[in-house]
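Asks: I have a structure I would like to understand better, so I am pasting it below and will then ask my questions one at a time.
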Amino acid sequence: MANPVNNTKSASGPAVPVQRKGAGSDTRYSVRLPDGQAAQQLFEKARLNLLNVNSWRALAGSGAVFRIVNESGEEVNGLVQQGHYLRISIPAIPGNKAGQGSEWVQVEKIEEGKIKYHEFIAIRVRPASPPFAPGAETAHFFSSESTSSFCVVRNNNRITASVSGRNELPNTQTRNWLTGLRNLIVAAGAMLGLNKPQWKSLVKGIIRNRKPSQEKKAS
């Protein structure tokens with residue numbers, strides 16, 4: 001069966017849309033386990049790491065801080081759910097005024113599936129207006145046409161964590177021209193791969209505590 005969360009040219013599953021415009025990227029990290037039981041145990045561990053979005057910075061070791069926020073604008077301690085928002089604080093770049101200093105995305109899809117020796121979980125997010133200002137402008141440097149999909153897949157004894165960006169375009173539809181310029185500059189850097197180290201650290205952190213001989217370098 002084709003891997004539905006790593007296909008870059010067709011949407012084999014709802015988690016990763018078809019790449020139609022702008023930039024697209026994929027970052028993956030894999031380990032191979034000695035047997036199916038060990039692989040399934042690691043998959044369950046990585047699945048929880050993926051859903052525990054508040055721990056992503058700790059898993060990555062540095063970089064952006066992710067916090068789960070509900071529809072009422074309150075921080076959530078626990079696992080992410082469909083419909084939640086993620087508030088993203090990125091160090092070393094000017095804050096987004098529309099998002100009160102943060103980037104905002106909404107979790108529009110959480111998908112899980114299993115067929116024999118293949119199972120996966122995927123979270124798809126899309127730039128959005130923050131919950132404290134519903135209907136306001138998108139509070140992210142990427143436009144609302146862009147998506148990011150965070151996935152963990154088990155194929156037999158191999159576990160893969162991945163981040164897939166699709167249809168990434170700068171968000172220049174802003175009320176304040178300075179915010180639009182800021183978004184253009186930050187988005188251009190991301191499209192050129194300046195956010196790649198963040199995603200490499202995250203996918204490796206989601207699958208952790210493995211021996212070097214079992215690991216495949218993040219790409």
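The values are calculated or read from the model by the stated rules, or taken from the named source; none is laboratory data. Small disclaimer: the values here were computed from a predicted structure and weren't measured. Here the Cβ positions follow ideal geometry from the backbone for every residue, glycine too, while neighbour counts run over all protein chains shown. Side chains are part of the model used for accessible areas, which takes the heavy atoms of the whole protein and leaves out ligands, DNA and RNA. Shrake-Rupley method; radii C 1.70, N 1.55, O 1.52, S 1.80 Å.
Asks: State, as an integer percentage, the relative contact order of segment 66-189 based on alpha-carbon contacts under 8 Å between residues 6 or more apart.
Replies: The normalised contact order for segment 66-189 reaches 18 percent.
Asks: Using alpha carbon coordinates only, what is the Rg to Rh ratio of the chain, with Rh defined as the Kirkwood radius? Each step should come with its number before you reach the end.
Replies: Working: Rg = 17.0 Å, Rh = 17.6 Å.
Computed over Cα atoms, the ratio is 0.97.
Asks: Within segment 64-117, report the chymotrypsin sites (Phe, Trp or Tyr not before Pro) that DSSP leaves as loop and that have at most 15 other Cβ atoms within 10 Å. It would help to have the intermediate numbers written out before the result.
Replies: Working: sites: PHE66, TYR85, TRP104, TYR117; in loops: TYR117.
Sites meeting the loop and neighbour criteria: TYR117.
Asks: Leaving out ligands, DNA and RNA, what percent of the accessible area of the chain is carbon and sulfur, probe 1.4 Å?
Replies: Working: 5380 of 10560 Å².
The C+S portion of the solvent-accessible surface of the chain is 51 percent.
Asks: Heavy-atom accessible area per residue, the chain, 1.4 Å probe: how many Å²?
Replies: On the way: 10560 Å² over 219 residues.
Here the residues of the chain average 48 Å² of exposed surface.
Asks: Okay, next question. Taking R0 as 30 Å, what's the FRET efficiency between ARG175 and GLU112 from their Cβ-Cβ distance, rounded to 0.05?
Replies: Values: r = 39 Å, r/R0 = 1.29.
Calculated transfer efficiency: 0.20.
Asks: Could you pull out the longest piece of the chain with no exposed loop trypsin sites (Lys or Arg not before Pro) in it, calling a site exposed if DSSP puts it outside H, G, I, E, B and it has at most 13 other Cβ atoms within 10 Å?
Replies: On the way: sites that count: LYS9, ARG20, LYS21, LYS116, ARG175, LYS217.
That gives 22-115 as the longest site-free run.
Asks: Also, quick follow-up: Determine, for segment 108-219, the count of lysine pairs separated by eight or more sequence positions (or lying on different chains) whose alpha-carbon distance falls under 26 Å.
Replies: Summing the qualifying lysine pairs gives 18.
Asks: At 25 °C and 0.890 mPa s, what whole-number value in µm²/s does Stokes-Einstein give for the translational diffusion of segment 84-130, with Rh from the Kirkwood sum over Cα pairs? Write out the running numbers ahead of the final one.
Replies: Numbers: Rh = 12.5 Å.
Rounded, D is 197 µm²/s.
Asks: Using the Cα centre of the chain as origin and beta-carbon charges of +1 (Lys, Arg) and -1 (Asp, Glu), tell me which of ALA46, ALA139, PRO94 is placed farthest towards the positive end of the dipole.
Replies: So the residue furthest toward the plus end is ALA46.
Asks: Given springs between every Cα pair under 10 Å in a Gaussian network model of the chain, which of HIS118, HIS140, HIS84 has the largest fluctuation?
Replies: The residue that fluctuates most here is HIS118.
Asks: Any idea what the relative contact order of the chain is, in percent, if you count C-alpha pairs under 8 Å spaced at least 6 apart?
Replies: Computed over the chain, the figure is 27 percent.
Asks: I want to verify the translational diffusion coefficient of segment 16-119 in µm²/s; compute it with Stokes-Einstein, Rh as the Kirkwood radius over Cα pairs, at 37 °C and 0.692 mPa s.
Replies: Working: Rh = 16.2 Å.
Roughly 202 µm²/s, to the nearest whole number.
Asks: Would you mind calculating the relative contact order of segment 40-129 from Cα pairs under 8 angstrom and at least 6 residues apart, reporting the percent as a whole number?
Replies: Values: 148 pairs, mean separation 17.2, N = 90.
In percent, rounded to a whole number, it is 19.
Asks: Please return the longest range in the chain lying between exposed loop sites, taking GluC sites (Glu not before Pro), DSSP loop only, at most 12 other beta-carbon atoms within 10 Å, and leaving the sites out. Don't skip to the end; give the middle numbers.
Replies: Values: sites that count: GLU71, GLU74.
Counting at most 12 other Cβ atoms within 10 Å as exposed, the longest clean stretch of the chain is 75-219.
Asks: Tell me, what HN-Hα J-couplings in whole Hz come from the Karplus equation 6.51 cos²θ - 1.76 cosθ + 1.60 at θ = phi - 60° for each residue of segment 147-160, using x for Gly and Pro?
Replies: Coupling constants for segment 147-160: 9, 10, 10, 10, 9, 10, 10, 10, 10, 6, 9, 9, 10, 10 Hz.
Asks: Could I ask something else about it? Would you mind working out the magnitude of the charge dipole of the chain relative to its Cα centre, with +1 at each Lys and Arg C-beta and -1 at each Asp and Glu C-beta, to the nearest 20 Debye? Working shown, then result.
Replies: On the way: 29 positive and 15 negative charges, 167 e Å.
The dipole of the chain has a size of about 800 debye.
Asks: Sticking with this structure for a sec: At 24 angstrom or more along the helix axis (alpha-carbon based) and mean Kyte-Doolittle of -1.0 or higher, what helices does the chain contain? Whole DSSP H runs only.
Replies: None pass (Cα extent of 24 Å or more, hydropathy at least -1.0).
Asks: Which value does Rg/Rh take for segment 77-199 over its C-alpha atoms, Rh per Kirkwood? Don't skip to the answer; put the middle values down first.
Replies: On the way: Rg = 15.8 Å, Rh = 15.5 Å.
A ratio of 1.02.
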